[in-house]
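The values are calculated or read from the model by the stated rules, or taken from the named source; none is laboratory data. Everything numeric in this text was worked out from a predicted model, so none of it was measured. Don't worry about glycine lacking a Cβ; one is built from the backbone with ideal geometry, like all the others, and counts go over all protein chains shown.
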Amino acid sequence: MRLYNIDHVGLAVFDLDAALADYERLYGIRPIYRETVVSQDVEEAMLPLGGSFVQLLQPLSSDGPVARFLERHGEGMHHLAFAVDDIEKALQELASEGARLIDSEPRPGGRSSRIAFVHPKTLSGTLVELVELSDDH
């Protein structure tokens, strides 16, 4: 498996508009993507930073994974996302090495990507997301 970039660092926030205003005021960064990802139960915004992004995630409901994270931990780092060329191959290789997968098959993500999560117990307590970008992103 080849990780070719840190695609993004995902941060859970209670109020996406307020967080975006803070990033613009403090760092001069504006989102280049903002979309609702129903399959993840979030509204997300992607802030460009070098060749990667800071992803801000606001839950759409009180029972999704990001809402549960916020309830337990408050705002902050939710996950680290690595870009991969072939997500199916990456998942197969991780499984063969004994990684604990949350997703054994890719699911739709933002920016028309395909994503899958690896359980935090696999890598130093960090939730890892694998991202395979579509050809148009």
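Taking the residues in region 1-53 that are of a type in the set (Lys, Arg) and at pLDDT 95 or above as candidates, determine which candidate is nearest to the chain's Cα centre (by Cα). Result: ARG34.
Only one of the numbered conditions (1) of a type in the set (Gly, Ala, Ser); (2) farther than 24 Å from ALA99 by Cβ; (3) touching a residue at least 12 places away in the same chain (Cβ under 8 Å) is violated by ALA21, and that is (3).
So that you can scan it fast, the table gives a plain yes or no per residue for (1) under 15 Å from GLN55 (Cβ atoms); (2) out of contact with any Lys or Arg (no Cβ under 9 Å at 6 or more places or on another chain):
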site: GLY98; (1), (2): no, yes
site: ILE102; (1), (2): no, yes
site: GLU105; (1), (2): no, yes
site: GLY109; (1), (2): yes, yes
site: HIS119; (1), (2): no, no
site: THR122; (1), (2): no, no
site: GLY125; (1), (2): no, yes
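Pairs linking a residue in region 34-61 that is over 19 Å from GLY74 (Cβ atoms) to a residue that is among the aromatic types (Phe, Trp, Tyr) and modelled with pLDDT of 95 or more, with Cβ atoms under 7 Å and 6 or more positions apart or on different chains, are MET46/PHE53; LEU47/TYR23; LEU47/PHE53. Taking region 62-77, which residues are within 19 Å of PRO108 (Cβ to Cβ) and either crowded, with 22+ Cβ neighbours inside 10 Å or without any contact (Cβ under 8 Å) to a residue 12 or more places away in the chain (or both)? Scanning region 62-77 gives a single hit, VAL66. Reported count of residues in region 96-117, each being over 30 Å from TYR23 (Cβ atoms) and either of a type in the set (Lys, Arg) or loosely packed, with under 13 Cβ neighbours inside 10 Å (or both), is 6. Restrict the check to region 95-114 and report whether at least one residue is in contact (Cβ under 8 Å) with a residue 40 or more places away in the chain and among the hydrophobic types (A, V, I, L, M, F, W, C). No, region 95-114 contains no residue that is in contact (Cβ under 8 Å) with a residue 40 or more places away in the chain and among the hydrophobic types (A, V, I, L, M, F, W, C). For region 67-89, filtering for residues that are within 19 Å of PHE14 (Cβ to Cβ) and either touching an Asp or Glu at 6+ places or on another chain (Cβ under 7 Å) or modelled with pLDDT under 95 (or both) leaves 1.
To keep it simple, each residue is scored yes or no on (1) within 14 Å of LEU16 (Cβ to Cβ); (2) in contact with a His (Cβ under 7 Å, 6 or more places away or on another chain); (3) of a type outside the set (Lys, Arg).
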position	(1), (2), (3)
PRO48	no, no, yes
GLN58	yes, no, yes
GLU71	no, no, yes
ALA81	no, yes, yes
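Tally the residues that are surrounded by fewer than 17 Cβ atoms within 10 Å (Cβ to Cβ), out of contact with any Lys or Arg (no Cβ under 9 Å at 6 or more places or on another chain) and of a type in the set (Gly, Ala, Ser), restricting the search to region 1-53. Number satisfying all stated conditions: 6.
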